[in-house]
1. As an exercise: evaluate L74 against (1) part of a strand (DSSP E or B); (2) within 19 Å of the chain's Cα centre (by Cα); (3) farther than 17 Å from P234 by Cα and give the number of the one condition it does not meet.
2. Residues being more than 36 Å from the chain's Cα centre (by Cα) and within 18 Å of C393 (Cβ to Cβ): count how many of those fall in the range 355-372.
3. Is one or more of the residues making up the range 216-227 under 19 Å from the mean Cα position of the chain (by Cα), over 20 Å from T46 (Cβ atoms), without any contact (Cβ under 8 Å) to a residue 40 or more places away in the chain and not in a helix (DSSP H, G or I)?
4. For E133, all conditions in the list (1) part of a strand (DSSP E or B); (2) over 28 Å from the mean Cα position of the chain (by Cα) hold save one; what is the number of the exception?
5. Give all pairs with beta carbons closer than 9 Å in which a residue from the range 394-405 that is on the phi > 0 side of the Ramachandran plot meets a residue that is among the aliphatic types (A, V, I, L, M); count only pairs at least 6 apart in sequence or on separate chains.
6. Assess whether T162 counts as being within 23 Å of W18 (Cβ to Cβ) and polar (S, T, N, Q).
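Read the figures in this text as sums done on the coordinates, not as results from a lab. None of the values given here were measured: they were computed from a predicted structure. Methodologically, a virtual Cβ is constructed for each residue, glycine included, from the backbone with ideal geometry; neighbour enumeration extends over all protein chains shown.
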Amino acid sequence: MADLATNFVGIRSPNPFWLASAPPTDKEYNVVRAFRAGWGGVVWKTLGLDPHIVNVNGPRYGVVYGADRRVLGLNNIELITDRPLDVNLREIKKVKRDWPDRAMVVSLMVPCEEWAWKQILPLVEETGADGIELNFGCPHGMSERGMGSAVGQVPEYIEMVTRWCKQNTRMPVLVKLTPNITDVRYPARAAKAGGADGVSLINTISSITSVNLDDWSPEPSIDGKGSHGGYCGPAVKPIALNMVAEIARDAETLGLPISGIGGVTTWRDAAEFIALGAGSVQVCTAAMTYGFKIVQEMVSGLSQYLDEKGMSLDDLRGRAVPNVTDWRYLNLNYVTKARIDQDLCIKCGRCYAACEDTSHQAIGIGPGRTFEVIDAECVACNLCVNVCPVENCISMIELEPGVTDPRTGLVVRDEYANWTQHPNNPAAAAAE
């Protein structure tokens, strides 16, 4: 099996799968069970200074289900750990002593004042923890107190607090970034400017998952009232992948180590984050939905994939980054058309309905309820592929250079051309 041993910002673990800072990492009992199941590391649930936090005593989670009641996303209104600081520190020290080969990173959130960070850092360092993660992402509860995403949305604060921590600890410093911002590159740049060893992202997305239509309160409901919370799970993965890619390919943050978070449920999800530059991946919702042993499928799946590709983990890391580009650089001379495999088609008509009603009327119905693509109308939007319930029944086939596209009447050209060169682009026209 492929070697999954990971060295992320100097923190070693037997595999890149870490449990994210969340309820599953709130105490020794949970973390030890996770390590026994095979997790490579954990980020201990966020610590703060005493007097410790008070959480609600009612429901803490809302949920978004798929059609089969599969959990697509969780909304969480739980705050940072509500256990005493000294209890957490004692347990962290014991777990790290008993499991020296596993990554032990401690999430921290204290007031945005230097004295507070100076106070908690040596306490964490004394436990033997491998590193700290600055929680600049929590979107609920703590942000109203001037912490969490209230810091993460201000690059100047990120740089300032990161610098305080780097000046006052030997431990590697990760900065956990909020997705509740217009452009994630600015906080990432600030973290790097402050000396951060790496960044982790994404934290949860501010959200209300649903409204109870009997008492008209957001879920989860606390005595008839609800609040926005942090959204996580498979539904946030596309947002997380994009933000990881933006940091990985940004000239100012190039090479900044990234711990990828957001909807990692399978080994494939993890491989995608790693291909976009992540050095480790953090998991929460999948563990809360399926239990700690899900990591065993992730480890075996990623190992088998690497073996089949003849690659190492280092070979995979960042492999997709050069292929992420801006829209304006996409090849406008790349022309495809949809093709329907009649042997696989079950004649459900979903491709026809989608194309006829919401796209380009490029699929016709023939004798015997057969569906055929009308090339003269097909813009290759890929919608039919996405709505088809049969895998590989519909494919996008590239037109060869020299062939005339029946939709445009233009001959397909072999050379690369993009929007920056197109005559319809006002900037291109002005340059000429």
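1. (3)
2. Going through the range 355-372 one residue at a time, the tally reaches 8.
3. No, the range 216-227 has no match at all.
4. Condition (2) is where E133 drops out.
5. Hits for this filter: G402/V411; G402/V412.
6. Yes.
Each row is one residue, and each column tells you yes or no for (1) closer than 29 Å to R328 by Cα; (2) outside any helix (DSSP H, G or I); (3) of a type in the set (A, V, I, L, M, F, W, C).
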residue: Q342; (1), (2), (3): no, yes, no
residue: A353; (1), (2), (3): no, no, yes
residue: Q361; (1), (2), (3): yes, yes, no
residue: F371; (1), (2), (3): no, yes, yes
residue: D375; (1), (2), (3): yes, yes, no
residue: G409; (1), (2), (3): yes, yes, no
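Okay, residues lined up against (1) touching a helix residue (DSSP H, G or I) at 6+ places or on another chain (Cβ under 8 Å); (2) among the basic types (K, R); (3) part of a strand (DSSP E or B):
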{"position": "V43", "(1), (2), (3)": "yes, no, yes"}
{"position": "P51", "(1), (2), (3)": "no, no, no"}
{"position": "R69", "(1), (2), (3)": "no, yes, no"}
{"position": "K93", "(1), (2), (3)": "no, yes, no"}
